[in-house]
1. Please specify each residue of region 112-135 satisfying the condition of being in contact with an Asp or Glu (Cβ under 9 Å, 6 or more places away or on another chain) and more than 18 Å from Tyr58 (Cα to Cα).
2. Looking at region 59-78, which of its residues are more than 16 Å from Leu114 (Cβ to Cβ) and not in a loop (DSSP other than H, G, I, E, B)?
3. Has region 109-120 got any residue that is in contact (Cβ under 8 Å) with a residue 40 or more places away in the chain and assigned to a loop (DSSP other than H, G, I, E, B)?
4. Within region 130-140, is there a residue that is assigned to a helix (DSSP H, G or I), free of Cβ contacts under 8 Å to residues at least 24 places away in the same chain and surrounded by fewer than 17 Cβ atoms within 10 Å (Cβ to Cβ)?
5. Return yes when Phe180 is in a loop (DSSP other than H, G, I, E, B) and not basic (Lys, Arg) and no when it is not.
6. Any residue at all in region 145-162 that's touching a Gly at 6+ places or on another chain (Cβ under 7 Å), surrounded by fewer than 19 Cβ atoms within 10 Å (Cβ to Cβ), touching a residue at least 24 places away in the same chain (Cβ under 8 Å) and within 25 Å of Pro91 (Cβ to Cβ)?
7. Do you know which of the residues in region 184-200 that are touching a strand residue (DSSP E or B) at 6+ places or on another chain (Cβ under 7 Å) and surrounded by 20 or more Cβ atoms within 10 Å (Cβ to Cβ) is farthest from Glu107 (Cα to Cα)?
Amino acid sequence: MTSAMLGVLLVAACGPAKPAEPSAGGSAGGCMSRAYPNIGGPISLVNQAGEAVTEETYKGHPTLIYFGFTYCPDVCPMTLVTVKRAYDRLPEDVTPPQTLLISIDPERDTPEQLAQYVSTKAFPANLQGLTGTPEQVRSAADAFLADYSRIEQPDSASEYSMDHTSLLYLMDEDWKLKTFFTHEDTDETIATCLTELLEE
C-alpha cells in the first residue's frame, strides 16, 4: 500500500472537515486482509512519564496504535472510547493489546498533558501517551504512512488544529502490522477482529 492509497483511506479533521471515502476497512475489508508489510516501523519517543521508548519497549505483546492529539475535539476521543468499548466486549481469555496514543501535536502535548489525557476513564485503562520532538513524531508517523498537517485557526482560542489520518494500527508481538481499523469499524467489529487475531 502506498502513502497515497493510505491517504485515500481516511483523513480525519479535528478542525475543518475534510472527509474522504475509505477504500478498505470495516467488515467489507476483512480484518485478516490488512497486514501490509510496508506499514509500521521504528519509533523513538517519550511516554507520559517522560521516559524514552522505542518499538523495542512494546515488543513481546500486541500493540494498538493511534495517531491523534489531546486538543482534538471529537474524532480522537470518540475513537478511544470505541476502543475501550471494544476491549470491554473481548472474551475473558483475550487480553487487550497495549494501547498507544502517539501525539501529532508535540507543541502542546507535553508528557504532563498526555498523562492527564490518557487517564480519562472513558478511554482504555492501558492507554499510554507518546510524544517527542517534531522530527521524532514525523518520523514515527511516516513509518506508519500516517499523514497530518497543522490548520491555522486565528479566530479560535486554540489558535490551530490538526488534520490527520485516523486509523488504528494493530501490531503483533514482533512489531509487524497485523491489521488496521478505520472509522467504519465499530466497537463490535473491532472486538470480533481482535478476538479472532489474538486467540490464534
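1. Tyr117, Pro134 - these are the residues of region 112-135 that are in contact with an Asp or Glu (Cβ under 9 Å, 6 or more places away or on another chain) and more than 18 Å from Tyr58 (Cα to Cα).
2. Thr63, Leu64, Val75, Met78
3. Yes, region 109-120 contains a residue that is in contact (Cβ under 8 Å) with a residue 40 or more places away in the chain and assigned to a loop (DSSP other than H, G, I, E, B).
4. yes
5. Answer is no for this residue.
6. no
7. Step by step, filter region 184-200, then rank; the result is Cys193.
The rows are residues; the columns are (1) over 23 Å from Leu145 (Cα atoms); (2) among the basic types (Lys, Arg).
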| position | (1), (2) |
| --- | --- |
| Asp74 | no, no |
| Thr79 | no, no |
| Arg85 | yes, yes |
| Thr95 | yes, no |
| Thr99 | no, no |
| Asp105 | no, no |
| Gln113 | yes, no |
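Where a number appears in this text, it was derived from the coordinates with a stated rule and is not lab data. Because the structure is predicted, anything quoted here is derived from the model rather than measured. Positions of Cβ are generated from backbone atoms using ideal geometry, with glycine treated the same way; all protein chains shown enter the neighbour counts.
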